Every structure is written in C-alpha cells, then in structure tokens.
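**Q** The structure follows.
Bear in mind these aren't lab numbers, they're just calculated from the coordinates by the rules spelled out. What you are looking at is a predicted structure, and each value in this text was computed from that prediction instead of being measured. Here the Cβ positions follow ideal geometry from the backbone for every residue, glycine too, while neighbour counts run over all protein chains shown.
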Amino acid sequence: MPMERLARIVLLCALCMPGLLPPASAAQADKAQPIHIEADAMRYDDVHQTSVFTGNVVVTKGTLVLRAATVDVRQAPDGYQYATAIAAPGQLATFSQQLDTAPGQPSQSMDGAAQRIEYDGKTDVVTFRGQAMLSRLIDGKLADRSQGNVIAYNQITDVFTVEGGAQGVSPTNPGGRVRVMLTPQPAPAAPASAVNSPPALKVAPKLGTQP
C-alpha cells in the first residue's frame, strides 16, 4: 500500500496545542452503569453468552449512546461486556458520550461514526472502522475532529490513534488519508489584580554590605 494511503498518528486530546482546555475523560460513572438495548429483534446464544440485536438498534450505557443496524453484545466469563455495532449498507453507525470536566469548565462530549464500531468494556477502548470520524464538542460546538480508516479511542486516557487507508474514503475524505482538525481555545484571562498591580518594591542593601 502506498505510504500516502497509510498513515498513523497518535493524538493527545487537548494537549496537542497551547491554549487548549484541560483534558477531559469519558464520564467515569458510565463504566458502572448497565447496558440498555432497544431493537426490532434479538437472538440470544446462551452457550456463547452472546446476544445479536437487529433493526434500529440503540445501546445506552450511562451517557454513552450507540446506534446501528446490528449490534452483537458478548459478556466474557470475567464479567466484562463487549459490543460490535455494524451499520446498514450505505450508512454509518454512530457513537456519543459525555466527558467529565472540571467544575466551572465548559461541557464536552465525543461524537463518532463509522461503518463498524467496537466497544471493549475491559479496556474502555472504542474502535471505529471504515470511514471513521471522531469529534470533540465543547458546549455543543465542534472543537476537534479526526478522520481516517481506523480510529481507536481510549476513554480512560483520552488518547486516540488514527490510521488512514482505502476503507477511510468518504465524501468528506476522498483520499482516505488521516485528517485532523484541532481548534485552539483562548487562554483564560489573567486576574485583574495580577494585571493592574505594580511590581513589588525591593529593599536595597545598605552600603558596604554584601547583597
């Protein structure tokens, strides 16, 4: 595969450029929340502990919302849950989740879309495959966006990797290459007292004494 069709980049969200907001991670309360699923039909396999949901599937886990045509949910013997969402032909599965932010900071969320979305409940990694796109919104406004073939997003560390390739080709990314948009946020204004206060006076040493 030509090098221009394959690129890999590691991004530290909100740490890549000066002036960005402090990093925010996925809502930690979501990890302890149960999974709720709505669909037109469901097939359960007790032997393999898998459930396949089809038809306008909506998966929620706290603030995490996953939408797709088909979702395969598996529970491992150790209790962790795994989900694979597949979009209908010509469409994309979608993902959204609120982020934990410090008190007084703007609200943040992550929105993603791809032909296939995989959720790993053990590692808290969400992987987007095929025409993958992941965006960070601040107070509902687009701040950062990445596009490519495969995007792996770690919800704990707020770090994601993006890989380009032929499967990443889309109307907004005809070359299938990695595309990233990062919007710097204005730095917080300095307190008025710090701006207007004159420099502190220094006491000069007496003549004949060592400084």
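**Q** Output the peptides 164-173, 58-67, 34-43 sorted from most to least packed, where packing is the average of other Cβ atoms within 10 Å over each peptide's residues.
**A** 58-67, 164-173, 34-43
**Q** Can you compute the modelled spin-label distance between residue 31 and residue 74, with each label point 7 Å from Cα toward Cβ, in nm?
**A** Distance between the two pseudo-spin positions: 2.2 nm.
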